């Protein structure tokens, strides 16, 4: 797995942890422990997304600022898969 | 909404209704990448399909 | 409103096309217990859910179902791209191909088109959540059935992921129902509809 693929994988893992914690916290809003996990992984994910967008392509238009050309449209589509 | 952790005493529950027990979360799975592949980071919810009677 | 992320919730990288499998798996795109029905069901039920936290559960699970819809579409797309005419004819894919070529269109494995008639919005919080619990179980069974048909690990992995999400969502809807029950009078849960009968007391 290349550096780019590894970073995308790590973003996927961190964001999945957040998806799980969000649903859990929706029904357990008083769980401070889960809230702390959420805060921790949210920071990590935001940092990795920013890094990925700077190095490769924006994963969301909020990271699409650029001093050169518009890169959002040329970014790979998620359903293409590695073997495209 | 109050804290529910101990509201799992099913003997006290009225009939003619369905209840799912509250999940009590203590820890995340140790290997988060494994949890990602399994589809949950909560060990207590990890219930894979085997297609066979032996668990 | 929503914001699009250019990546799948879980990766899909399928090497070999397989039109037969695509025809079974497409049911989870537009079939009776598929992801399109799931997302539309939960997102539509939100407006008559009088409890904010529970409407939040419907929003967040409905949103995740949209990500699942995209994953199922990616599986079908990768199973049908680069198909030869010979494979299309041999695998019984010709009847789909003639209308859609290898585009992804929401239908059940039987060919029946996606329809909102496959889900309900009753406007009654208890009833809607009971439907949601059943929906998660029906989708879980469909994924169980798909897993018996699939041998290829690159197809198996995302299907196993999607199946487990049904179990997690079932748990969350169960807890959402507990929140609704908490707000009602346990001596008679069915005395009135909290989304409709807003008048405080009998005259």
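The values are calculated or read from the model by the stated rules, or taken from the named source; none is laboratory data. These numbers were taken from a predicted model, which means no experiment stands behind them. As a convention, Cβ positions derive from the backbone with ideal geometry for all residues, glycine included, and neighbour counts pool all protein chains shown.
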- Query: In the stretch A:54-65, which residues are away from chain C (no Cβ under 13 Å) and either surrounded by 12 or more Cβ atoms within 10 Å (Cβ to Cβ) or under 18 Å from residue A:10 (Cβ atoms) (or both)?
  - Reply: A:54, A:55
- Task: Those residues that are within 7 Å of another protein chain (Cβ to nearest Cβ), within 13 Å of residue C:127 (Cα to Cα) and surrounded by 24 or more Cβ atoms within 10 Å (Cβ to Cβ), I need them from the stretch C:161-176; list them, please.
- Result: C:176
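Please state which one of A:25, A:59 is closer than 17 Å to residue C:60 by Cβ, modelled with pLDDT of 95 or more and touching a helix residue (DSSP H, G or I) at 6+ places or on another chain (Cβ under 7 Å). Quick ask: steps written out before the conclusion?
Working: A:59 fails: closer than 17 Å to residue C:60 by Cβ.
Checking each option against the conditions leaves just A:25.
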- Message: Here are the criteria: (1) free of Cβ contacts under 8 Å to residues at least 24 places away in the same chain; (2) surrounded by fewer than 13 Cβ atoms within 10 Å (Cβ to Cβ); (3) assigned to a helix (DSSP H, G or I). Tell me which single one residue A:5 does not satisfy.
- Response: (1)
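Could you tell me whether any residue of the stretch C:75-85 is away from every other protein chain (no Cβ under 11 Å), over 19 Å from residue B:51 (Cβ atoms) and part of a helix (DSSP H, G or I)?
Scanning the stretch C:75-85, I find at least one residue that is away from every other protein chain (no Cβ under 11 Å), over 19 Å from residue B:51 (Cβ atoms) and part of a helix (DSSP H, G or I), so the answer is yes.
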- Out of (1) within 20 Å of the chain's Cα centre (by Cα); (2) surrounded by 23 or more Cβ atoms within 10 Å (Cβ to Cβ), what's the single condition that is false for residue C:80? (1)
- Item | Meets criteria (surrounded by fewer than 17 Cβ atoms within 10 Å (Cβ to Cβ), modelled with pLDDT of 95 or more and either at the interface with another protein chain (Cβ under 10 Å from one of its Cβ atoms) or under 21 Å from residue C:17 (Cβ atoms) (or both)) for residue C:98 | yes
- Task: Report, by residue number, each residue of the stretch B:1-27 that is at pLDDT below 95 and more than 9 Å from chain C (Cβ to nearest Cβ).
- Result: B:3, B:5, B:6, B:8, B:9, B:10, B:11, B:12, B:24, B:25, B:26, B:27
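Condition check ((1) out of contact with any helix residue (DSSP H, G or I) (no Cβ under 8 Å at 6 or more places or on another chain); (2) loosely packed, with under 13 Cβ neighbours inside 10 Å; (3) over 21 Å from residue A:12 (Cβ atoms)) across all residues:
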position	(1), (2), (3)
A:29	no, no, yes
A:42	no, no, no
A:52	no, no, no
A:67	yes, yes, yes
A:73	yes, yes, yes
A:76	yes, no, no
- Task: Test residue C:139 against the stated conditions and say whether it is under 19 Å from residue C:67 (Cα atoms) and within 14 Å of another protein chain (Cβ to nearest Cβ).
- Result: yes
- Query: Applying the selection to the stretch A:13-34, what residues are part of a helix (DSSP H, G or I) and either facing another protein chain (nearest Cβ under 7 Å) or touching a strand residue (DSSP E or B) at 6+ places or on another chain (Cβ under 7 Å) (or both)?
  - Reply: A:13, A:16, A:17, A:19, A:20, A:22, A:23, A:24, A:26, A:27, A:34
- Message: Which condition from (1) within 11 Å of chain B (Cβ to nearest Cβ); (2) farther than 23 Å from residue C:183 by Cα; (3) within 13 Å of the chain's Cα centre (by Cα) is the one that residue C:148 breaks?
- Response: (3)
